[in-house]
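Engineer: Encoded as structure tokens, here's the structure I'll be asking about.
Every number in this text was worked out from the coordinates using simple rules, so none of it is lab data. From a predicted model like this one, the values you see are computed outputs, not experimental measurements. In this analysis, Cβ positions are derived from the backbone assuming ideal geometry, glycine residues included, and neighbour counts consider all displayed protein chains.
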Amino acid sequence: MLVEFRTPTAPITIPVLLDSGAERTLVNREQLEQIGFDPPKNPDPKTDPSARRFEGVAGGSVLGYLFDVELRVVGTGVVHDCQIYGSLEPIRRSVLGRDFFSRCVVGFHDAGERVYLDSLRNRDVAPIVKVRDTKE
């Protein structure tokens with residue numbers, strides 16, 4: 001799925017994975033830089049409320065830093081002002097987590113490789129989005 005982030009200069013579109021197991025939306029560092037955010041180099045989650053360490057299902061963890069953004073799911077009418085975490089350490093892919101899901105009704109049709117989105121903000125049903133296979 002593609003998500004467009006609004007930036008002061010121009011919108012930036014990045015691929016993301018919808019991840020119902022992820023608590024928060026997390027964008028990898030390279031994409032974070034494309035969007036135009038420059039997080040502090042080594043924030044301490046104990047003293048900086050915008051820094052947070054996320055635990056993964058494989059036992060690893062990653063440090064993230066909080067940013068306010070406007071994002072739009074490409075091909076739909078779903079647009080939200082929200083907070084995302086930018087990963088300060090390498091991650092395989094960026095994900096939209098349950099913080100995004102809480103703003104939408106999301107449905108999956110696996111056989112048709114489709115995702116259905118309904119924004120809770122305006123209650124308009126967004127068009128169907130074709131999801132491409134991202135297997136590596």
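Engineer: Fewest to most neighbouring Cβ within 10 Å: what's the order for Tyr85, Tyr65, Tyr116?
Structural biologist: Going from sparsest to densest Cβ surroundings: Tyr116, Tyr65, Tyr85.
Engineer: Report the local net charge at Arg6: Lys and Arg +1, Asp and Glu -1, summed over other residues whose C-beta lies under 13 Å from its C-beta.
Structural biologist: -3
Engineer: Another one. How far apart, in nm, are two points set 7 Å out from the Cα along the Cα-to-Cβ line at Asp110 and at Glu70?
Structural biologist: It works out to 3.8 nm between the two label points.
Engineer: When only C-alpha pairs under 8 Å and at least 6 residues apart count, what is the relative contact order of the chain, in percent?
Structural biologist: 28 percent.
Engineer: Another question about this same structure. If you take every DSSP beta bridge fully contained in the stretch 2-102, what fraction is antiparallel? Give it as a percent rounded to 5.
Structural biologist: Percent antiparallel among DSSP bridges in the stretch 2-102 is about 85.
Engineer: Which of Arg93, Arg29 comes first, and how do the rest follow, when ranked by fewest Cβ neighbours within 10 Å?
Structural biologist: Arg93, Arg29
Engineer: Also, quick follow-up: To the nearest 20 Debye, how big is the dipole of the chain about its Cα centre, given +1 on the beta carbon of each Lys and Arg and -1 on that of each Asp and Glu?
Structural biologist: 140 debye
Engineer: Separate question: State the label only: which of (1) 38.1, 114; (2) 15.0, 47; (3) 13.2, 36 corresponds to Rg and Dmax of the Cα atoms in Å computed from the shown model?
Structural biologist: Only one listed value fits the structure, namely (2).
Engineer: Where the centre of each part is set by its Cα atoms, how far does the stretch 41-110 sit from the stretch 12-37, in angstrom?
Structural biologist: The distance from the Cα centre of the stretch 41-110 to that of the stretch 12-37 comes to 6 Å.
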